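Novice: Take this structure first; my questions come after.
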Amino acid sequence: MGNRAIAEHAPAAGFYEEKGRFSGLFAWIFSTDHKRIGLLYMISILILFSVGVVFGFLMRLELVSPGKTIMEPQTYNSIFTLHGVIMIFLFIIPGLPAAFGNFFLPIQIGARDVAFPRLNLLSWWLYISGVVFALLALFTGSGPPDTGWTFYAPYSTQTGTNVSLAVFAAFILGFSSILTGLNFVTTIHRLRAPGMSWFRMPLFPWSLYATGWVQLLATPIIGITLLLVIFERLFGVGVFDPLKGGDPILYQHLFWIYSHPAVYIMILPAMGVISEIIPVHAHRTIFGYRFIAYSSLAIAGLGSLVWGHHMFVSGQSYTADVVFSLLTFLVAIPSAIKVFNWVSTLYKGSIVMETPLLYALSFIFLFSIGGLSGLMQGALSVNVHIHDTAFIVGHFHYVMFGGTGFGFFGALHHWFPKMFGRMYNKTHSRIAWFFLFVGFNMLYFPMFILGWMGMPRRYYDYLPQFHTWHLMSTIGSWILISGLILMFANLIRSLRKGERVGSDPWGGSTLEWSISSPPPKENFEEIPRIDHGPYEFKGASKE
Ligand code: HEM
Ligand SMILES: [Cu+2]
């Protein structure tokens, strides 16, 4: 009796009912099961995301009108720093790989778990330790850091605020990320089911594979750099501070040699999710499978060579400027290949506009705006004009929030029935999506205009001519946040009240849709033998 037959008759509790050495909370926080670790990460990450959103809400409230509204300038400096640190290191970098990668990678390649389950649990505990140090930086000593999430020297080595604790939090989180990358790269090399050759592997694992190499190779660089900042603060050794014989430009190079590739740790898994959602909800084999797989590797490789585009106004040489500008244009090509192939897959598909597809289409629209505005910054003359303005803030929210954030929400709605065995209220989920999409564009598009007009980023106050666009942006943040609340309320309610579903509510063809919802502890009764590529469709199975 194959896995699908067993799936139809399996009790609906699956791995939630597992009876291990521990019970209750301990059966979760000490579990080495990849599905439980995935959910631990998801809950932790969404809590931190919500904290980050509160800080975003407060910044927009302060900027609703010129002059002081709700806070002092120093508080504003700390809030955008914490907002950025939380959103980058505690939400978006761990995000999709740690939550959905942990839950679905082993299942999608036909394995029972990742290669190093205990190391996987350790990566979550390191994540939690990072949260604790970030909270200490927030609430103890000389007050929260006020440097911005980039911790630029020499200010970060001079300011009296809690930079060392915040930087140490980021250092620990880096280790958590390295362990996740190590686990995924090894799992994909060693634990694919018999017959699953590289070009029979689904595209989400391909994106996690490329991401894993960036996590492994780039993260140690930021780790060393952050340790040097702590070293200089504690022992006064001049590494980055020119007053002590250091070089602040060295800091920028080291910081961006990691942080630009880090944007691909953020976006590649989201691109993998889109490659999963579109063929399933368009009921059509994906267009250009191999090109999409290769483009993930190309983005990871080329993306490691463009960090200098953050430093066009830092005084680096003109030759360096030209080289980094050219490479920045080149890295757009593999991204464009993905967008072209996704749209080609939709063409003549039998599209069912389910909520995951709404998020996938929003991803393509928002990420394209984000990507194209990135190309504008790659042009030297334009960059000089818009560097460190609100234009940049608009750009990275379109790529990170519009891209990865909407990718995360798409993954949440695509795999929710598989993870919990229940469907959410589809009408409410579509309404929530609408508020999110409209609010998002009202919040961030004005930032492009404000930046073009000359509004600097990280400024607490502004001249009257900027008021209208700031007001629109703040109202946009209220609409977006209402959408977030509606989305989470609908999903949380569905955990208990949602209609029960079978193994394959969408008509998917990758392995997760061949087992019960939620999956059994061991994932498969017997390890499947693969004899065909992913994404071959027989249409949604009507339960
Ligand atoms: C409701 C959601 C959000 C709102 C209202 C919001 C709002 C803002 C605003 C107004 C700033 C500019 C501060 C300034 O330069 O004066 C900002 C900065 C930033 N945001 Fe968001 N944001 C939100 C979500 C996100 C998400 C999801 C991410 C990333 C995944 C993110 C990452 C950042 C980063 C990295 C900065 C730069 C902080 C710095 O300058 O050091 N934000 N955000
Ligand atoms: Cu960059």
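The values are calculated or read from the model by the stated rules, or taken from the named source; none is laboratory data. From a predicted model like this one, the values you see are computed outputs, not experimental measurements. When we count neighbours, we look across all protein chains shown, and the Cβ atoms used for this are built from the backbone with ideal geometry, even at glycine. Note: accessible area is taken over every heavy atom of the protein model, side chains too, but ligands, DNA and RNA are not part of it. Shrake-Rupley method; radii C 1.70, N 1.55, O 1.52, S 1.80 Å.
Novice: May I ask you to say which residue of 197, 177 is in contact with a helix residue (DSSP H, G or I) (Cβ under 7 Å, 6 or more places away or on another chain) and either buried (at least 18 other Cβ atoms within 10 Å of the Cβ) or modelled with pLDDT of 95 or more (or both)?
Specialist: So the residue among 197, 177 that is in contact with a helix residue (DSSP H, G or I) (Cβ under 7 Å, 6 or more places away or on another chain) and either buried (at least 18 other Cβ atoms within 10 Å of the Cβ) or modelled with pLDDT of 95 or more (or both) is 177.
Novice: Now, a different point. Looking at the stretch 47-81, which of the residues that are crowded, with 19+ Cβ neighbours inside 10 Å and small (Gly, Ala, Ser) is nearest to ligand 1 (Cβ to nearest atom)?
Specialist: 56
Novice: Which of the residues belonging to the stretch 442-478 are over 16 Å from residue 392 (Cβ atoms), of a type in the set (S, T, N, Q) and in contact (Cβ under 8 Å) with a residue 60 or more places away in the chain?
Specialist: Result: 474, 477.
Novice: Related question: What pairs can you find where one residue is in the stretch 300-324 and assigned to a loop (DSSP other than H, G, I, E, B) and at pLDDT 95 or above, the other is open to solvent by 30 Å² or more (accessible area, probe 1.4 Å) and within 16 Å of ligand 1 (Cβ to nearest atom), and their Cβ atoms are less than 6 Å apart, with a gap of 6+ or different chains?
Specialist: Qualifying pairs under 6 Å: 313/387.
Novice: Within the group 313, 280, which residue is within 16 Å of ligand 2 (Cβ to nearest atom) and either more than 22 Å from residue 214 (Cβ to Cβ) or under 19 Å from the mean Cα position of the chain (by Cα) (or both)?
Specialist: 313
Novice: Only residues that are open to solvent by 50 Å² or more (accessible area, probe 1.4 Å) and within 16 Å of ligand 1 (Cβ to nearest atom): list them for the stretch 126-152, please.
Specialist: 152
Novice: If a residue must be in contact with a Gly (Cβ under 9 Å, 6 or more places away or on another chain) and within 12 Å of ligand 2 (Cβ to nearest atom), how many such residues does the stretch 283-309 contain?
Specialist: 2
Novice: Of everything in the stretch 82-120 that's farther than 22 Å from residue 521 by Cα and among the aromatic types (Phe, Trp, Tyr), which residue is surrounded by the fewest Cβ atoms within 10 Å (Cβ to Cβ)?
Specialist: In the first step, residues of the stretch 82-120 are kept if they are farther than 22 Å from residue 521 by Cα; the result is 82-95.
Remaining after also requiring among the aromatic types (Phe, Trp, Tyr): 89, 91.
Working: 89: 27, 91: 25.
My answer is 91.
Yes/no matrix, rows are residues, columns are (1) open to solvent by 10 Å² or more (accessible area, probe 1.4 Å); (2) more than 16 Å from ligand 1 (Cβ to nearest atom):
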{"site": "251", "(1), (2)": "no, no"}
{"site": "260", "(1), (2)": "yes, no"}
{"site": "287", "(1), (2)": "yes, yes"}
{"site": "296", "(1), (2)": "no, yes"}
{"site": "311", "(1), (2)": "no, yes"}
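Novice: Something else now. Looking only at the stretch 216-231, filter to residues that are buried (at least 23 other Cβ atoms within 10 Å of the Cβ) and touching a residue at least 60 places away in the same chain (Cβ under 8 Å); which one of those is farthest from residue 164 (Cα to Cα)?
Specialist: Ranking the qualifying residues of the stretch 216-231, first place goes to 218.
Novice: Now a separate question. Determine the pairs where a residue that is in a helix (DSSP H, G or I), located within the stretch 259-286, has a partner that is at pLDDT 95 or above and of a type in the set (Lys, Arg) with Cβ atoms under 8 Å apart, the partner being 6 or more residues away or on another chain.
Specialist: Taking only residues 6 or more apart or on different chains, the pairs are 271/338; 274/338; 275/338.
Novice: Now for a separate question. Being in a loop (DSSP other than H, G, I, E, B), away from ligand 2 (no atom under 16 Å from the Cβ) and surrounded by fewer than 24 Cβ atoms within 10 Å (Cβ to Cβ) narrows it down to one of 237, 185, so name that one.
Specialist: Within the list 237, 185, the selection yields 237.
Novice: Scan the stretch 466-517 for residues that are among the hydroxyl-bearing types (Ser, Thr, Tyr) and farther than 27 Å from residue 418 by Cβ and jot them down.
Specialist: 468, 473, 474, 477, 482
Novice: Turning to a different aspect of this structure: Report every pair of residues separated by at least 6 positions or lying on different chains whose Cβ atoms are under 6 Å apart, first residue within the stretch 395-421 and away from ligand 2 (no atom under 16 Å from the Cβ), second modelled with pLDDT under 95.
Specialist: 421/12
Novice: Right, another one. Determine which single condition residue 269 fails, assuming it passes every other condition in (1) at pLDDT below 95; (2) under 26 Å from residue 511 (Cβ atoms).
Specialist: Only one criterion is unmet by residue 269, namely (1).
Novice: Another question about this same structure. Could you pull out every one of the helices (runs of 4 or more DSSP H) wholly within the stretch 29-109 that has 2 or more residues that are over 19 Å from the mean Cα position of the chain (by Cα) and over 30 Å from residue 193 (Cα atoms)?
Specialist: Per the criteria, 34-62, 73-85.
Novice: OK, next. Can you tell me which residue within the stretch 325-344, out of those that are within 14 Å of ligand 2 (Cβ to nearest atom), of a type in the set (A, V, I, L, M, F, W, C) and touching a residue at least 40 places away in the same chain (Cβ under 8 Å), is least open to solvent (accessible area, probe 1.4 Å)?
Specialist: Restricting to residues being within 14 Å of ligand 2 (Cβ to nearest atom), of a type in the set (A, V, I, L, M, F, W, C) and touching a residue at least 40 places away in the same chain (Cβ under 8 Å), the top hit is 332.
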